[in-house]
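Here is the structure we will look at.
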Amino acid sequence: MRTLHYLVVAFMAVAITAAPSDANADAVRSSQWHLKFLDVGRAHQVTRGTGVIVGLVDTGVDGTHPDLQRSVLPGIVIDPSGRGDGTTDQSGHGTAMAGLIAGHGRGSHGVLGIAPASKVLPIVDTASGDLTSPNLTADGINWAIDHGATVVNVSASGGPTIKLQRAVERALRENVVVVAAAGNAPSPIIGFPANYPGVLAVGASDRDGAVAGVSVRGAGMVLLAPGVDIMTTRLQSAYGAGTGTSDSAAIVSGAVALVRSRFPHLSAVEVIHRLTATATDKATPGRDEAYGYGVLNIVAALTADVPPLSPSAPATTTSAAAAPDGGQPPQRSAIGIVALVGAGVLIGGFILIVLARRHRGRRRRVP
């Protein structure tokens with residue numbers, strides 16, 4: 001687990017079995033409540049994420065897990081204290097995120113990811129799962145871009161650095177969607193890289209689609225996704241449930257992979273726009289600090305008629321609950337979340353620079 005020093009982590013990991021039997025694996029699949037909540041079965045009738053590589057900047061991935069075999073590409077270990085190609089995992093955090101993104105299970109057994117036909121490219125910025133530098137995360141984002149990832153998942157939250165900001169800016173220029181965990185309460189603000197404009201900042205919802213108590217709030221929030229009691233893959237062929245915005249971010253990364261597979265010619269900006277325009281709006285109409293643009297609606301993102309962004313579209317927008325039957329929802333602009341400069345970065349950056357002076361800009365993975 002990694003998070004800022006001042007975050008209190010809400011996390012639960014329950015190993016179900018070290019050698020999964022069919023009966024136990026059945027229990028695992030039935031425990032994945034978020035699959036039904038997001039109507040993933042219907043989404044998979046449209047696409048399963050074929051052809052998409054998701055860069056996972058994390059602790060590595062145990063590629064021997066039966067639900068991840070053949071879904072994990074050789075990657076890299078950037079952490080100077082580690083070694084290998086990223087296909088082993090000391091901490092288990094990266095393995096958990098990989099299962100949520102690309103787990104393929106075994107038929108009706110085991111963990112099913114949001115994009116089970118996608119591939120995970122592991123980039124290790126912390127081998128131990130403990131402290132890491134945002135600059136190593138920046139190196140990880142750049143390496144993912146250089147090696148074919150069109151989605152990059154960062155299930156971590158920390159302080160700002162120029163190098164990290166430049167990596168995010170490069171990702172957008174080169175048509176790569178960066179998805180990041182917003183961070184966990186009681187953090188006072190959304191962390192980085194999630195707080196950079198252009199990053200798809202993800203908070204956590206509960207089983208009812210309401211904002212979860214663990215989810216941090218802030219003006220940079222973009223989407224909510226399930227993040228409470230999320231069952232996924234663990235080390236030694238085990239399974240376990242976790243709570244936090246790490247899980248939510250991985251789920252959204254899987255959704256981005258589906259959209260990229262379904263609409264391969266969309267730019268990164270348009271991919272984010274499609275997800276925000278079709279999100280199920282909650283609370284007050286329009287974007288807010290708790291829900292962002294709303295709760296992830298994968299089926300609508302894959303099937304709705306979403307007009308492209310207009311270059312002159314306003315930065316602030318209103319309303320938009322996606323139609324529950326997959327119909328055409330009202331549209332909202334994503335310009336405000338994809339601008340590479342603006343007051344949001346200046347204000348948020350100043351706040352976190354102050355915090356970084358206390359914490360030396362280092363962070364740990366959120367769960």
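The values are calculated or read from the model by the stated rules, or taken from the named source; none is laboratory data. Note that the coordinates shown come from a computational prediction; the quantities given were computed from them, not determined experimentally. We place every Cβ from the backbone using ideal geometry, glycine too, and count neighbours over all the protein chains shown. Surface accessibility is based on the protein's heavy atoms, side chains included, excluding ligands, DNA and RNA. Shrake-Rupley method; radii C 1.70, N 1.55, O 1.52, S 1.80 Å.
Looking at the structure I just gave you, is Val228 touching an Asp or Glu at 6+ places or on another chain (Cβ under 8 Å), at pLDDT 95 or above and of a type in the set (Val, Ile, Thr)? Yes.
Can you find a residue that is open to solvent by 30 Å² or more (accessible area, probe 1.4 Å), touching a residue at least 24 places away in the same chain (Cβ under 8 Å) and over 16 Å from the mean Cα position of the chain (by Cα) anywhere in segment 92-103? No, segment 92-103 contains no residue that is open to solvent by 30 Å² or more (accessible area, probe 1.4 Å), touching a residue at least 24 places away in the same chain (Cβ under 8 Å) and over 16 Å from the mean Cα position of the chain (by Cα). I'd like the residue in segment 254-291 that is in a loop (DSSP other than H, G, I, E, B) and among the charged types (D, E, K, R) and, out of all such residues, is nearest to Ser310 (Cα to Cα). Of everything passing the filter in segment 254-291, Arg287 is nearest to Ser310 (Cα to Cα). On the basis of being open to solvent by less than 10 Å² (accessible area, probe 1.4 Å) and touching a Leu at 6+ places or on another chain (Cβ under 9 Å), does Leu73 make the cut? Judged against the criteria, Leu73 is not a match. Where strands (runs of 3 or more DSSP E) fall wholly inside segment 107-177, the ranges with 2 or more residues that are open to solvent by 10 Å² or more (accessible area, probe 1.4 Å) and in contact (Cβ under 8 Å) with a residue 60 or more places away in the chain are 109-112. The single condition from (1) more than 23 Å from Ala27 (Cβ to Cβ); (2) modelled with pLDDT of 95 or more; (3) open to solvent by 10 Å² or more (accessible area, probe 1.4 Å) that Asp62 fails is (1). For segment 241-270, a tally of residues being of a type in the set (A, V, I, L, M) and surrounded by fewer than 24 Cβ atoms within 10 Å (Cβ to Cβ) returns 4. Scanning segment 224-240 for residues that are open to solvent by 10 Å² or more (accessible area, probe 1.4 Å) and of a type in the set (Gly, Ala, Ser) yields a single hit, Ser237.
For segment 36-48, state whether one or more residues are polar (S, T, N, Q) and either open to solvent by 30 Å² or more (accessible area, probe 1.4 Å) or out of contact with any helix residue (DSSP H, G or I) (no Cβ under 8 Å at 6 or more places or on another chain) (or both). There is at least one residue in segment 36-48 that is polar (S, T, N, Q) and either open to solvent by 30 Å² or more (accessible area, probe 1.4 Å) or out of contact with any helix residue (DSSP H, G or I) (no Cβ under 8 Å at 6 or more places or on another chain) (or both).
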